Amino acid sequence: MLEKNKVYSAVIDGYCAEGLGVARIDGQVVFVHGGVRGEVCDVLVMKTLKNTAYGKVIAVHAPSPRRVEPDCPYYGKCGGCDFRHLDYDEELWAKRQRVQEALRRLGGSGAAVEEILGASSVRRYRNKAQYEISPTGEAGFFRARSHQVVDVEQCLLQSEAADAAAQALRAYIRQYDVPCYDEKTGKGLLRHLLVRNNCKGQILVCVFANGTSLPHEEELTELLRQAVPDTVGVVLGVHREKGNAVLGESYRTLWGADALEDTLCGLTFHLSVPSFYQVHHDQAQRLYEKAMEFAALTGQETVLDLYCGAGTITQVLARHAKEAVGAEIVPAAVENARESARRNGVENVRFFCGDAAAVAADFAARGAKPDVVCVDPPRKGLAPEVIESVASMAPSRVVYVSCDPATLGRDVKRFSAYGYDVARAAAIDMFPRTRHVETVVLMTRTGTEKG
């Protein structure tokens with residue numbers, strides 16, 4: 001058993017799902033903050049568990065050429081980034097390996113991850129920023145594994161416009177002494193700031209409050225518009241439930257528009273505050289192109305797209321299918337999807353509002369037989385009943401878009417029980433400098449169930 005607060009010599013031989021280096025010391029696995037593959041390091045053990053331990057690098061005997069100086073002063077304090085001490089090629093290696101291991105260990109699949117598509121832009125790529133507001137008025141992001149807000153004035157993942165909006169909100173809090181929400185007590189008013197931006201540099205701002213109004217709303221709007229002249233709308237999100245979830249129960253427009261338009265894959269999309277939309281525009285286009293490649297549509301197929309968000313991939317699929325049907329549980333997102341389809345002139349598409357499990361079960365009960373099913377679930381993956389309903393419709397191909405390799409691996413294993421095997425897999429780096437990675441998997445129906 002390793003001793004806490006003791007220094008050990010170790011070789012870093014890989015990375016874990018959290019982006020930490022992995023070493024083996026006296027037969028025990030140690031997850032190492034700041035570790036780089038191939039380096040011999042002195043590791044300070046900070047926490048010991050029954051089978052694993054956690055530590056940090058305190059000295060490197062021979063630095064790897066893959067190690068770089070972090071370019072952000074908040075790195076290691078803010079929990080947003082994981083790989084700023086690695087060069088980008090090593091980050092891509094780590095992510096591809098993570099997906100491969102998840103498919104093999106959790107999914108029981110021997111399919112190879114064909115490639116990982118790296119981003120041309122790894123700075124200020126996010127088109128949606130969510131700033132936490134501390135009880136004392138700081139605006140930033142949570143420290144790793146905590147709900148302590150790190151005040152971040154410039155984030156290299158967010159747009160400069162988003163940072164400027166956050167700075168305007170800080171000024172508003174100070175100037176008008178606005179009480180900020182305390183997650184522990186449930187008291188206070190101002191909770192979160194959400195900023196969307198599009199390809200044109202325009203932004204939509206939503207301020208979330210533990211109530212139905214804010215003091216000096218006109219002054220807040222003016223501060224935001226002065227900070228970012230390309231602001232198209234300012235929205236108040238009402239969020240009175242305890243906890244730290246971001247999205248609200250209702251929305252009221254304080255000024256301008258209540259949605260933002262963006263162009264992706266040659267289509268225009270109408271995005272309200274709660275609509276799901278991929279956060280890296282250029283990588284999203286590559287993701288959808290890969291999903292289209294895997295779907296292998298000829299124009300004769302019926303496609304069912306579950307967890308369709310604002311209908312982006314549904315409409316992209318529809319252009320190459322006989323018909324595409326999208327399902328999404330967020331009503332505002334469904335309205336955005338329908339409006340976008342009308343504006344884009346995509347007529348062979350329908351959208352339903354409802355839980356994916358219920359929509360899939362309804363389709364299966366009515367004997368619907370889609371040729372291709374596409375799923376793009378949240379991080380928790382698919383519920384078992386969704387997989388069962390999809391399998392009961394017997395599509396020839398299932399295209400799974402995943403933002404979490406672990407739940408993807410689990411779900412691949414569940415699909416295999418219904419006779420679906422992984423035929424192809426590719427990773428897309430949608431979230432550079434963080435541990436997160438997007439994956440597209442094609443599963444084909446073999447007809448051989450593995451009970």
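The values are calculated or read from the model by the stated rules, or taken from the named source; none is laboratory data. Keep in mind that this is a model prediction, so the values were computed, not measured. Note that each Cβ is placed from the backbone with ideal geometry, even for glycine, and that neighbours are counted across all protein chains shown.
Residue-by-condition table, conditions (1) closer than 23 Å to Pro331 by Cα; (2) modelled with pLDDT of 95 or more:
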| site | (1), (2) |
| --- | --- |
| Phe276 | yes, no |
| His280 | no, yes |
| Gln285 | no, yes |
| Lys290 | no, yes |
| Glu293 | no, yes |
| Leu297 | no, yes |
| Glu301 | no, yes |
| Asp305 | yes, yes |
| Leu317 | yes, yes |
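Do we find a residue being touching a residue at least 40 places away in the same chain (Cβ under 8 Å) and in contact with a helix residue (DSSP H, G or I) (Cβ under 8 Å, 6 or more places away or on another chain) anywhere in the range 329-336? Write out each step before concluding.
Start the filter on the range 329-336 by keeping residues that are touching a residue at least 40 places away in the same chain (Cβ under 8 Å), which leaves 330, 332-333, 335-336.
Filter again for in contact with a helix residue (DSSP H, G or I) (Cβ under 8 Å, 6 or more places away or on another chain), leaving none.
Within the range 329-336, not a single residue is touching a residue at least 40 places away in the same chain (Cβ under 8 Å) and in contact with a helix residue (DSSP H, G or I) (Cβ under 8 Å, 6 or more places away or on another chain).
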Is there a residue in the range 117-139 that is touching a Leu at 6+ places or on another chain (Cβ under 7 Å), within 21 Å of Tyr15 (Cα to Cα), hydrophobic (A, V, I, L, M, F, W, C) and not assigned by TED's automatic domain parsing to the domain that holds Leu193?
no
Only one of (1) buried (at least 24 other Cβ atoms within 10 Å of the Cβ); (2) farther than 19 Å from Ile428 by Cβ; (3) touching a Gly at 6+ places or on another chain (Cβ under 6 Å) fails for Leu271. Which number is that?
(3)
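Let me confirm something: among Val22, Val68, Val36, which residue is within 25 Å of Val152 (Cα to Cα), hydrophobic (A, V, I, L, M, F, W, C), modelled with pLDDT of 95 or more and under 26 Å from the mean Cα position of the chain (by Cα)? Break it down stepwise before answering.
On the way: Val22 fails: within 25 Å of Val152 (Cα to Cα); Val36 fails: within 25 Å of Val152 (Cα to Cα).
Of the residues listed, the single one that is within 25 Å of Val152 (Cα to Cα), hydrophobic (A, V, I, L, M, F, W, C), modelled with pLDDT of 95 or more and under 26 Å from the mean Cα position of the chain (by Cα) is Val68.
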Gln285 is checked against (1) more than 19 Å from the chain's Cα centre (by Cα); (2) without any contact (Cβ under 8 Å) to a residue 24 or more places away in the chain and fails just one. What number does that condition carry?
(1)
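Suppose we filter Pro384, Pro370 for residues that are surrounded by 20 or more Cβ atoms within 10 Å (Cβ to Cβ) and either modelled with pLDDT under 95 or more than 20 Å from the chain's Cα centre (by Cα) (or both); which single one remains? Spell out how you get there, then give the answer.
Details: Pro384 fails: surrounded by 20 or more Cβ atoms within 10 Å (Cβ to Cβ).
Exactly one of Pro384, Pro370 is surrounded by 20 or more Cβ atoms within 10 Å (Cβ to Cβ) and either modelled with pLDDT under 95 or more than 20 Å from the chain's Cα centre (by Cα) (or both), namely Pro370.
In the range 124-164, how many residues are touching a residue at least 60 places away in the same chain (Cβ under 8 Å) and in a loop (DSSP other than H, G, I, E, B)?
Of the residues in the range 124-164, the ones touching a residue at least 60 places away in the same chain (Cβ under 8 Å) are 125-133, 140-147, 150, 152, 155-157, 161, 164.
Still in the list and also in a loop (DSSP other than H, G, I, E, B): 125, 127, 144-147, 152, 155-157.
Residues in the range 124-164 being touching a residue at least 60 places away in the same chain (Cβ under 8 Å) and in a loop (DSSP other than H, G, I, E, B): 10 in total.
Report, by residue number, each residue of the range 354-372 that is within 24 Å of Leu297 (Cβ to Cβ) and not in a loop (DSSP other than H, G, I, E, B). Walk me through how you get there before you give the answer.
Residues of the range 354-372 within 24 Å of Leu297 (Cβ to Cβ): 356, 359-360, 362-364, 366-372.
Correct list: Ala356, Val359, Ala360, Asp362, Phe363, Ala364, Val372.
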Set Glu18, Glu39: member being out of contact with any helix residue (DSSP H, G or I) (no Cβ under 7 Å at 6 or more places or on another chain) and touching a residue at least 60 places away in the same chain (Cβ under 8 Å):
Glu18
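Answer yes or no: is there a residue in the range 75-95 that is more than 24 Å from the chain's Cα centre (by Cα) and either among the charged types (D, E, K, R) or in the same structural domain as Glu289 (by TED's automatic domain parsing) (or both).
Here is the first cut: in the range 75-95, the residues more than 24 Å from the chain's Cα centre (by Cα) are none.
Within the range 75-95 (the criterion being more than 24 Å from the chain's Cα centre (by Cα) and either among the charged types (D, E, K, R) or in the same structural domain as Glu289 (by TED's automatic domain parsing) (or both)), the answer is no, since none of the residues qualifies.
Look through Ala144, Ala94 and report the one residue that is hydrophobic (A, V, I, L, M, F, W, C), at pLDDT below 95, out of contact with any helix residue (DSSP H, G or I) (no Cβ under 8 Å at 6 or more places or on another chain) and within 29 Å of Tyr400 (Cβ to Cβ).
Working: Ala94 fails: at pLDDT below 95.
Answer to the selection: Ala144.
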I'd like to verify a number: residues in the range 344-376 that are more than 25 Å from Thr268 (Cα to Cα) and in contact with a strand residue (DSSP E or B) (Cβ under 7 Å, 6 or more places away or on another chain), how many?
5
Note on Ala361: of the conditions (1) in contact with a helix residue (DSSP H, G or I) (Cβ under 6 Å, 6 or more places away or on another chain); (2) surrounded by 21 or more Cβ atoms within 10 Å (Cβ to Cβ), unmet is (2)
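In the range 174-232, which residues are closer than 19 Å to Leu247 by Cβ, touching a helix residue (DSSP H, G or I) at 6+ places or on another chain (Cβ under 6 Å) and outside any strand (DSSP E or B)? If you could, list the steps in order and put the result at the bottom.
Applying the first criterion (closer than 19 Å to Leu247 by Cβ) to the range 174-232 yields 180-181, 183, 186, 188-197, 203-214.
Now narrow it down to the ones that are touching a helix residue (DSSP H, G or I) at 6+ places or on another chain (Cβ under 6 Å): 193, 195, 197, 203, 205.
The answer is none; no residue qualifies.
May I ask you to say which residue of Ala112, Ala168, Ala162, Ala102 is buried (at least 20 other Cβ atoms within 10 Å of the Cβ) and more than 21 Å from the chain's Cα centre (by Cα)?
Going through Ala112, Ala168, Ala162, Ala102 in turn, just one is buried (at least 20 other Cβ atoms within 10 Å of the Cβ) and more than 21 Å from the chain's Cα centre (by Cα): Ala168.
Report, by residue number, each residue of the range 331-352 that is aromatic (Phe, Trp, Tyr) and under 14 Å from Ile313 (Cα atoms).
Here is the first cut: in the range 331-352, the residues aromatic (Phe, Trp, Tyr) are 351-352.
Passing the criteria: only Phe351.
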When only residues in the range 387-404 that are surrounded by 18 or more Cβ atoms within 10 Å (Cβ to Cβ) and among the hydroxyl-bearing types (Ser, Thr, Tyr) count, which is farthest from Glu301 (Cα to Cα)?
Ser402
When the range 320-354 is checked residue by residue, the ones that are under 15 Å from Asp371 (Cα atoms) and among the charged types (D, E, K, R) are Lys322, Glu323
Does the range 255-271 include one or more residues that are in contact with a Leu (Cβ under 6 Å, 6 or more places away or on another chain) and farther than 30 Å from Phe363 by Cβ?
yes
